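Remarks on the structure that follows.
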Amino acid sequence: MSRTPAGGTLRQWLAWLAVLAALTVGMLSVRDRLDKAHVALGFLLVVLGASAAAGRALGLTVAAAAFVAFNLFFLPPYHTPVIADPLDWLVLLAFLVTSIVAAQLLYRANATADAALRRAAEVDRLATLGAETLSAPDADAALRAIVAVIRTTVGVDACEVFRRGQVDEGPTGGLVGWVVRHGRSAAELSDGTVRMAPGGGGPAATTAGVDYVVHGPESLPGWRGARPPDTGDVRALLLPLVVREQTVGVLRIASSAGVSLSAEAARLLVALAYYAALGVERVRLVETAERAEAERRVESLRSALLMAVSHDLRTPLTTIKGIAHEVATGASPARAAIIEAEADRLNALVGDLLDLSRIQAGAVSPNVAVNTADELVGAALQRAAGALGERAVVVDLPPDELLAGRFDFTQALRVLVNLLENAAKYAPADTPVTVRARRDGAWLVLAVLDEGPGVPESERERIFEPFYRPPGTPPDVRGTGLGLSIARGLAAAQQGTVRYEPRTGGGSAFVFALPATDAVLPEDDDSDDGEPASAG
Ligand code: ADP
C-alpha cells in the first residue's frame with residue numbers, strides 16, 4: 001500500500017475517517033441519552049487512535065473533522081454551525097485543544113521511541129563491529145571484518161578499502177588517488193561522470209557539477225555546505241579514511257542499484273568509516289613494527305656474527321697456528337691431534353653458520369615423509385652416543401603403540417641429536433637423560449629431559465636466539481649459542497616446534513613437537529604382540 005506524503009498509508013487514512021463517521025452515526029442514534037462529555041470523549045479516542053496508528057497529520061485531520069461533527073450534530077441548534085449556548089463554545093474549544101495537544105504529544109513520544117530504537121540498533125552494530133575488530137587475530141582480518149560489516153549495514157553490493165601506500169596518488173591514480181590527495185568524498189555517477197566534494201577553496205572547489213547526490217551527504221567528509229542532493233544516480237561513493245587528520249586510505253562503496261543513503265545511514269557510514277580508518281592504521285602500524293623488528297634482528301645478528309667470527313673462529317685458529325709452530329720446531333707430532341680437533345670444531349661452526357643462514361633465508365626444503373618415533377629416537381641415540389658417553393639413558397616410548405609423524409627424518413634427527421648433546425653438555429655426568437615420545441592430539445611430541453641446572457625463567461625464550469648464551473653458562477662448556485636456534489628453525493620448516501619447559505623435579509625438558517600421523521603397522525605377525533622393537 002502506498003504511503004501518503006503526510007505519513008501513514010492511504011488505507012489507514014480511509015479507515016480512521018470511516019471509524020470517525022461510524023462513531024458519529026452511532027452516537028447520533030442515541031443522541032438524546034448522551035452527555036456532551038461522552039461525545040467529546042468518544043471523538044478524543046478516535047483522534048488518539050488515528051495519531052498513534054498513522055501519525056500527527058491524520059490525528060490533526062481527524063481532530064478537525066470531529067470538531068465539525070461535534071458542532072453540527074451534537075451542539076444545538078443541530079445542523080448549523082451556530083451554537084446557542086455560549087458555554088458550548090467552551091466545550092468545543094476544550095475538545096479541540098485537547099485533541100491537538102494529545103495528537104502532538106503522541107507523535108512526539110512515537111518519534112522519540114523510534115529514534116531511540118534506531119539509535120539502539122546503530123549502537124548495537126557499532127558495538128558488534130568494535131568487538132569483531134578487537135577480537136580479530138590480526139590487522140588484516142580486522143579490516144576484512146569491518147568491510148563485511150559496512151557492506152551489510154549500509155546495504156551495498158561492494159565495499160573496498162584502499163590503503164594509502166597502495167594508491168597511485170598521481171594524476172593517473174583516478175578518483176581513488178584524488179580522494180587520498182584531497183581528503184574529500186567523491187562519487188561515480190551512472191552516466192559515467194564523477195563528482196567531487198567541494199573543498200575550502202582548493203582546486204576541487206572549481207570542479208564543475210557538485211549539484212547532486214546522496215541523500216544526507218552533509219555529514220560526509222568534505223560535503224559540509226554543499227548543495228543538497230536531489231538525484232539518486234550514484235553508483236559508487238568514495239570516502240577518505242582519516243585518522244588524526246591524516247588520510248590513511250579510501251573506502252569505496254558501490255551498488256548497481258545506486259547508492260542512496262538516508263541522513264542517518266550517512267551518519268552511520270561515517271562512523272563505520274572511522275573504524276575502517278582505524279583498521280587501516282592498525283595494518284600500517286603492524287607493518288611498521290614488523291619492519292622495525294626485522295631490522296633489529298638483522299642488526300643483532302650482524303653484530304653477533306661479527307663476535308662469533310672474531311672469537312669462535314679466531315680462538316681455534318690461534319691454537320692451530322701455535323701448535324703447528326710447536327710441531328714445526330720439534331714438538332711431538334702427537335700434538336697435531338689438537339690441530340685436528342680444533343679444525344673439526346671450526347668445520348662444525350662453519351656448518352652451523354651455513355645452516356643458520358639457510359634457515360633465515362627460508363631456503364630449507366624439508367623432505368617430508370611418514371617416519372616412526374622409534375626409528376628417530378634409535379638413530380639419535382646412536383648419533384649422540386659419543387657425547388652421552390657412559391651416562392644412563394632412559395628411553396620412554398609407549399609400549400603398545402607405534403608412534404609416527406610426517407617429518408623430514410634427517411632434519412628431525414639433527415634437532416633431536418642437538419637436544420641430546422645439550423643435555424650431555426649441561427647436566428652433570430652422573431645424572432640420567434630421558435628421551436620420551438608421546439602422541440598428543442595432532443602432535444607427535446618428543447622430549448629430552450635432564451636433571452641439570454635448568455634454564456632461568458628470563459632466559460627461556462632467548463636461548464633460542466642465534467649466538468645467545470645466558471650469562472650463567474659455564475665457560476668451560478664450549479658452544480656458540482647456535483644449536484637451539486638451528487633446532488627451532490629446522491623444526492619450524494616442517495611445521496614443528498621446539499620449546500623449553502622446566503622439568504618437574506628439577507632440570508630441563510626440551511619439547512620437540514612434529515605433526516603426527518596414524519602409524520601404518522607392518523604386516524608381519526611379530527608386531528602383533530605390541531612390543532615395539534626399539535623400546536627399552
Ligand atoms: P650452545 O650450547 O652452543 O651454547 P645452544 O643454542 O644449543 O647453544 O644453547 C643455548 C644456551 O641454552 C646454552 O648456552 C645453555 O645456556 C642453554 N641450554 C641449552 N640446553 C640446555 C640444557 N639441557 N640445560 C641447561 N641449559 C641449556
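Only residues that are touching a Leu at 6+ places or on another chain (Cβ under 8 Å) and closer than 19 Å to Gln411 by Cα were counted across segment 317-349, and they come to 1. Looking at segment 353-373 only, could you name the residues that are open to solvent by 30 Å² or more (accessible area, probe 1.4 Å), in contact (Cβ under 8 Å) with a residue 60 or more places away in the chain and assigned to a helix (DSSP H, G or I)? Answer for segment 353-373, where residues must be open to solvent by 30 Å² or more (accessible area, probe 1.4 Å), in contact (Cβ under 8 Å) with a residue 60 or more places away in the chain and assigned to a helix (DSSP H, G or I): Leu353, Ile359, Gln360. Only one of Val62, Val39, Val47, Val68 is more than 60 Å from the chain's Cα centre (by Cα), buried (at least 17 other Cβ atoms within 10 Å of the Cβ) and free of Cβ contacts under 8 Å to residues at least 60 places away in the same chain; which? Every option except Val39 fails the conditions. Residues that are touching a residue at least 40 places away in the same chain (Cβ under 8 Å) and open to solvent by 10 Å² or more (accessible area, probe 1.4 Å) were ranked within segment 428-440; the one that is farthest from the chain's Cα centre (by Cα) is Ala429. Cβ-Cβ distances below 8 Å connect the following pairs, each with a first residue in segment 92-117 that is open to solvent by 60 Å² or more (accessible area, probe 1.4 Å), a second residue that is small (Gly, Ala, Ser), and a separation of six or more residues or different chains: Thr98/Ala40; Ile100/Ala63; Tyr107/Ser51; Tyr107/Gly55; Tyr107/Gly59; Asn110/Ala52; Asn110/Gly55. Restricting segment 441-453 to residues that are within 7 Å of the ligand (Cβ to nearest atom) and within 28 Å of Glu375 (Cα to Cα) leaves a set whose member that is surrounded by the most Cβ atoms within 10 Å (Cβ to Cβ) is Asp450.
Residues in segment 478-496 that are more than 7 Å from the ligand (Cβ to nearest atom), open to solvent by less than 30 Å² (accessible area, probe 1.4 Å) and assigned to a loop (DSSP other than H, G, I, E, B): Gln494, Gly496.
Determine if segment 400-413 includes at least one residue that is touching a strand residue (DSSP E or B) at 6+ places or on another chain (Cβ under 9 Å), part of a strand (DSSP E or B), over 20 Å from Pro474 (Cβ atoms) and within 16 Å of the ligand (Cβ to nearest atom). So far as segment 400-413 goes, no, none of its residues is touching a strand residue (DSSP E or B) at 6+ places or on another chain (Cβ under 9 Å), part of a strand (DSSP E or B), over 20 Å from Pro474 (Cβ atoms) and within 16 Å of the ligand (Cβ to nearest atom). The residues of segment 455-476 that are among the small types (Gly, Ala, Ser) and either buried (at least 19 other Cβ atoms within 10 Å of the Cβ) or more than 8 Å from the ligand (Cβ to nearest atom) (or both) amount to a single one, Ser458.
Listed by first and then second residue, the pairs linking a residue in segment 292-319 that is within 17 Å of Asp352 (Cα to Cα) to a residue that is open to solvent by 50 Å² or more (accessible area, probe 1.4 Å) and of a type outside the set (S, T, N, Q), with Cβ atoms under 7 Å apart and 6 or more places separating them unless they lie on different chains, are Pro316/Arg345.
Does at least one position in segment 374-393 carry a residue that is away from the ligand (no atom under 15 Å from the Cβ), of a type in the set (Gly, Ala, Ser) and open to solvent by 70 Å² or more (accessible area, probe 1.4 Å)?
Looking through segment 374-393, at least one residue is away from the ligand (no atom under 15 Å from the Cβ), of a type in the set (Gly, Ala, Ser) and open to solvent by 70 Å² or more (accessible area, probe 1.4 Å).
The conditions of being open to solvent by less than 40 Å² (accessible area, probe 1.4 Å) and either in contact with a Leu (Cβ under 6 Å, 6 or more places away or on another chain) or in a loop (DSSP other than H, G, I, E, B) (or both) are met by Glu122.
The values are calculated or read from the model by the stated rules, or taken from the named source; none is laboratory data. Fair warning: this is a prediction, and the values are worked out from it, not measured in the lab. Note that we place each Cβ from the backbone using ideal geometry, even for glycine, and neighbour counts take in every protein chain shown. Please note that ligands, DNA and RNA were not included when accessible areas were found on the heavy atoms of the full protein model with its side chains. Shrake-Rupley method; radii C 1.70, N 1.55, O 1.52, S 1.80 Å.
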